[in-house]
Amino acid sequence: MARYTGPKSKIARRFREPIFGPDKALERKNYPPGMHGVSKRRGKQSEYSTQLQEKQKVKYTYGVLRRQFENLFHRASAREGITGENLLKLLEARLDNAVYRFGIAPTRSGARQLVGHKHITVNGEVVNIASYTLRPGDVVAVREKSKSLESITHSVAGRKVNKHSWLEWDAANLSGKFLNFPGRDEIPENIKENLIVELYSK
């Protein structure tokens, strides 16, 4: 499956959550898309359907493809600790996600584009792999010749105070440090990771 490039509002309405950011369409129509509209006659979801939907929501939220997601899950299950929490920690440690969290890009898809176009460095070296996994202590920065890009300066200018305890931002140098893997209670996304673990356990 290729990366999704269709209407984002439609996906947000399917999950009834602004997984791509604030969405006026979701505010106006807080019900799933389709010809039946707000009809209450939709069938009750099976356990499998609920679990699958949660997995799909996480994939769309972080912009991860099916095979990438499966690989991440296997890595998470091989680590010590709770598999579901390990999975979210690995997703948060992706380079494109860190670029988004630092505020260098306003969306994760925008962050992936910056990484792919070689505007981002890790520890001084250009990295153009969005799925690159950061380790504690890694420094993510905007490449020197890319600091004047309008999309970056605009995003950083509108950046709010760093509210993520596992990240440290240096506004003067347009760089940030990945301090550690976040705890589950620090990740703001509304995700029921236990459903994903149950799905893969079948």
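Quick rundown of the values:
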| quantity | calculated |
| --- | --- |
| Unmet requirement for Val126, which otherwise passes all of (1) touching a strand residue (DSSP E or B) at 6+ places or on another chain (Cβ under 7 Å); (2) farther than 30 Å from Thr50 by Cβ; (3) not acidic (Asp, Glu) | (1) |
| Options Leu174, Leu114; residue that is crowded, with 16+ Cβ neighbours inside 10 Å, in contact with a strand residue (DSSP E or B) (Cβ under 7 Å, 6 or more places away or on another chain), free of Cβ contacts under 8 Å to residues at least 40 places away in the same chain and more than 25 Å from Ala76 (Cα to Cα) | Leu114 |
| Unique residue being surrounded by 13 or more Cβ atoms within 10 Å (Cβ to Cβ) and among the polar types (S, T, N, Q) when the list is Ser155, Ser201 | Ser155 |
| Whichever residue in the range 184-198 is outside any helix (DSSP H, G or I) and in contact (Cβ under 8 Å) with a residue 24 or more places away in the chain and, among such residues, is surrounded by the most Cβ atoms within 10 Å (Cβ to Cβ) | Ile191 |
| Any hit, the range 185-193, residues being within 21 Å of the chain's Cα centre (by Cα), among the polar types (S, T, N, Q) and at pLDDT below 95 | yes |
| Among the residues listed as Glu125, Glu85, the single one being over 19 Å from the mean Cα position of the chain (by Cα) and either among the hydroxyl-bearing types (Ser, Thr, Tyr) or at negative phi (or both) | Glu125 |
| Condition broken by Val156, with the remaining ones in (1) in contact (Cβ under 8 Å) with a residue 24 or more places away in the chain; (2) on the phi < 0 side of the Ramachandran plot; (3) out of contact with any Gly (no Cβ under 7 Å at 6 or more places or on another chain) satisfied | (3) |
| Qualifying residue in the range 49-59 (condition: touching a residue at least 12 places away in the same chain (Cβ under 8 Å) and among the hydroxyl-bearing types (Ser, Thr, Tyr)) | yes |
| Flag if Phe102 is more than 15 Å from Leu167 (Cβ to Cβ) and surrounded by 14 or more Cβ atoms within 10 Å (Cβ to Cβ) | no |
| Pairs where the first residue, in the range 66-85, is among the acidic types (Asp, Glu) and the second is surrounded by fewer than 19 Cβ atoms within 10 Å (Cβ to Cβ), C-beta under 6 Å, 6+ apart | Glu85/Arg184 |
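Quick grid of which residues meet (1) at negative phi; (2) hydrophobic (A, V, I, L, M, F, W, C); (3) surrounded by 21 or more Cβ atoms within 10 Å (Cβ to Cβ):
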{"site": "Arg75", "(1), (2), (3)": "yes, no, no"}
{"site": "Ala78", "(1), (2), (3)": "yes, yes, no"}
{"site": "Gly81", "(1), (2), (3)": "no, no, no"}
{"site": "Leu91", "(1), (2), (3)": "yes, yes, yes"}
{"site": "Ile120", "(1), (2), (3)": "yes, yes, yes"}
{"site": "Glu144", "(1), (2), (3)": "yes, no, no"}
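The values are calculated or read from the model by the stated rules, or taken from the named source; none is laboratory data. The model shown is predicted, which means the values in this text are computed figures rather than measured ones. So basically every Cβ, Gly included, is an ideal-geometry build from the backbone, and we count neighbours across all protein chains shown.
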